[in-house]
Amino acid sequence: MIELDGVTVAYHGRPVLRDIDLTIRAGERVALIGPNGAGKSTLLRAITGLVRPATGEVRLDGTPIERLPRSMIARRLAVVPQQAALPFATRVEEVVALGRLPHEDPIRGARPADRAATAAAIERVGLGHLLGRDARELSLGERQLVLLALAVAQAAPVLLLDEPTVHLDLRHQVGAMELLVDLNDRDGTAIVAVLHDLALASLFFPRLVLIDRGRLIADGSPAEVLTDERIRDVFGVDPSIVRRAAPLVPTAIETPLA
Amino acid sequence: MTATTADERAPRPARIAARAFGRPAGRVVAIGIGGVVALGTALVLGVALGTVAIAPGDTLAILAHRLFGLDVGATWAPQTETIVWDLRLPRVLTAMTVGAGLAVAGTAFQGLLRNPLADPYVLGTASGAALGAAIAVVIPIRATILGFGLIHAFAFAGALAAVFTVYRLSRIGGLSPLTSLLLTGYAVGSLLAAGLAMAMYLSGAALRQIFAYLLGGFDTAGWAQLGAALPLVALGSGLILLRARSLDGLLLGEEAAVHLGIDVRRERAIMLALASLVTAAAVAVSGLIGFVGLVVPHLVRLAVGPGARRVLPLAAIGGAALLAFADLAARLLGEIPVGVVTAVIGAPFFLSLLRRTRTGYEL
């Protein structure tokens, strides 16, 4: 579905990604992990065609992505932006409805099916209590959920997320993760998420891709990828800290969800 | 908006569907109908009132006679018909055309530049048009093209040349496209303003004519001006409306718009060109009228939300009605500049609305 073939990306001559080979198949759930500045967000931008590789190729369903019109890409890839600024007062439901733009009739606008998809996304992410509010007045975490709902409304076969949980409290972090798992299980949506939290990544994602200094270091199950040596070498922390912190997490998951 | 939003139960999809886009479509229709009624009122009053008052009945009868060939018994003097048909009607219609054009262009510029302070003149259109008009006044050539004065033609060309220059220059350098566009607009505008000051300094006795153009007004409006402006404004505004989707996509920023399937670079170039064409057509016939293009889009957004498919037509109606009424007021007050009227009526109204509405910039 998504194939990266020897992708190298450079900003102002400085390579940020080097020779990345990566394949993401339909219905997979993949977390991109790695330290700050490793190139995870750039990798996401390369997958969506926002940055063009200096060498190598990104293919979407077999076609090089730069040959596809943006309207067609938007029906296959939904992207949850990290944050976004709104210039005008905009209600939560109006922001979520923007996810339907790729499906709307360009002349007539939203149809009943689009409105139904917007309403379903609002319910699925649990934003019913925020309807009618100006999205600019919400907390950072609430805005993150609104943007997540927008991408859910977009209903593309692949959902890409850049740090979807940074501003969320523990309950909503777990809630967002369970939503991703549900989208993956029930709708068959492939999920590709950049995550910092190694515990969340290994609990909810069967496949981890570890990036460091622009290179793909490891690709596999959490147990295969997060070895003691890698935690020490790549993240620069004593692995025992991560190991001791991890047992705390399952307790948190038992917290009842909204 | 109401207390019902504090709903404790998990809303079912049907309920959400009814409330999604919480502003009901009926409200849009109601505002649209109200706007059209205001437009009709402005048309009749604008034709009836003036130094010579004409009874609304006669006004309607003359319009019915000339427009539809209806003969309702000619009870008016021929000069009344001249005043209605040749002087006041084209003037009112020109004011409406310019008002609609400025409001649509303002909506488009605010959406494209993602800046609530943008107005139709943000990319140098105003200074370009002003310099063009001043040059037309200063050069010793007098010509009329299809009843269309040199001053209008030069203003139109100046406005378009200014935007084109700003757009070309803004694509050089490493700034983000939006910042670069705004800063280039400011720099080029300042340079053109210097040229305008020089032209005014050199103009001698013609200074008043340049000044009259800068203040804006419809006292010279006739069928020729309307015939030149209306097709450009209508065509440009219609094409902008057809691309309303790109304005919606840009609400969340350029990157988000790309992810929503908008080819941002191409759409921005097309929309900037269309909005500039509409602005140039408007300023060429009316001179520089501020406020309408800045404020009308905001008023409409406060009522119906930011969706461009709703905002654009309502802004066109609102801008047309506002400027027609403002021109009527200007006329009744003894031909004072219409820009003064739009600012004096509009600014306090707008300020009071802003005070009642939460404003902010960040999402």
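The values are calculated or read from the model by the stated rules, or taken from the named source; none is laboratory data. None of these values were measured; they are calculated from a predicted model. We place every Cβ from the backbone using ideal geometry, glycine too, and count neighbours over all the protein chains shown.
Scanning the stretch A:111-147 for residues that are of a type in the set (Ser, Thr, Tyr) and surrounded by fewer than 17 Cβ atoms within 10 Å (Cβ to Cβ) yields a total of 1. Inclusion of A:Arg111 among residues that are within 23 Å of A:Leu179 (Cα to Cα) and charged (D, E, K, R) is not warranted. Looking across the stretch A:23-38, the residues that are crowded, with 21+ Cβ neighbours inside 10 Å and in a loop (DSSP other than H, G, I, E, B) come down to A:Gly34, A:Ala38.
Going by the conditions given, is B:Ala103 in contact with a Pro (Cβ under 7 Å, 6 or more places away or on another chain), within 21 Å of B:Ala162 (Cα to Cα) and of a type in the set (Gly, Ala, Ser)? Criteria met by B:Ala103.
Only one entry of B:Thr125, B:Thr107 meets the criterion of being more than 14 Å from chain A (Cβ to nearest Cβ) and among the β-branched types (Val, Ile, Thr), and that entry is B:Thr125.
Here is the figure for the stretch B:219-269: residues that are over 26 Å from A:Ile47 (Cα atoms), in contact with a Lys or Arg (Cβ under 7 Å, 6 or more places away or on another chain) and not in a loop (DSSP other than H, G, I, E, B) total 1. All of B:Leu181, B:Leu226, B:Leu239, B:Leu202 fail the test of being crowded, with 21+ Cβ neighbours inside 10 Å and farther than 20 Å from B:Thr94 by Cβ, apart from B:Leu181. Selection of the stretch B:320-343 for residues being crowded, with 19+ Cβ neighbours inside 10 Å and of a type in the set (Asp, Glu) yields only B:Asp327. Any residue in the stretch B:235-248 that is within 14 Å of another protein chain (Cβ to nearest Cβ) and among the polar types (S, T, N, Q)? There is at least one residue in the stretch B:235-248 that is within 14 Å of another protein chain (Cβ to nearest Cβ) and among the polar types (S, T, N, Q).
Residues checked against (1) touching a residue at least 40 places away in the same chain (Cβ under 8 Å); (2) more than 25 Å from B:Pro297 (Cβ to Cβ):
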| site | (1), (2) |
| --- | --- |
| B:Ala194 | no, yes |
| B:Ala197 | no, yes |
| B:Tyr201 | no, yes |
| B:Asp219 | yes, yes |
| B:Leu242 | no, no |
| B:Gly249 | no, no |
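With respect to A:Ala121, determine if the residue is out of contact with any Gly (no Cβ under 8 Å at 6 or more places or on another chain), closer than 26 Å to A:Asp182 by Cβ and of a type outside the set (Asp, Glu). In short, no. Where helices (runs of 4 or more DSSP H) fall entirely within the stretch B:276-362, those with at least 2 residues that are more than 16 Å from B:Phe218 (Cβ to Cβ), of a type in the set (A, V, I, L, M) and at pLDDT below 90 are at B:292-304, B:338-356. Take B:Ala38 and tell me if it is among the aliphatic types (A, V, I, L, M) and touching a residue at least 12 places away in the same chain (Cβ under 8 Å). Yes, satisfied. Being in contact with a helix residue (DSSP H, G or I) (Cβ under 7 Å, 6 or more places away or on another chain), of a type in the set (Val, Ile, Thr) and within 23 Å of A:Thr42 (Cβ to Cβ) holds for only one residue in A:Val92, A:Val146, A:Val79, and it is A:Val79. The condition of being surrounded by 24 or more Cβ atoms within 10 Å (Cβ to Cβ) and of a type outside the set (Lys, Arg) holds for only one of B:Gly249, B:Gly290, that being B:Gly249.
Considering each of A:Gly214, A:Gly188 in turn, give the residue that is in contact with a Lys or Arg (Cβ under 7 Å, 6 or more places away or on another chain), among the small types (Gly, Ala, Ser) and modelled with pLDDT of 90 or more.
Being in contact with a Lys or Arg (Cβ under 7 Å, 6 or more places away or on another chain), among the small types (Gly, Ala, Ser) and modelled with pLDDT of 90 or more holds for just one of A:Gly214, A:Gly188, which is A:Gly214.
Those helices (runs of 4 or more DSSP H) of the stretch A:39-152 in which at least 3 residues are within 11 Å of chain B (Cβ to nearest Cβ) and either touching a residue at least 12 places away in the same chain (Cβ under 8 Å) or of a type in the set (Asp, Glu) (or both), considering only elements entirely within it, cover A:70-76, A:92-97, A:112-125.
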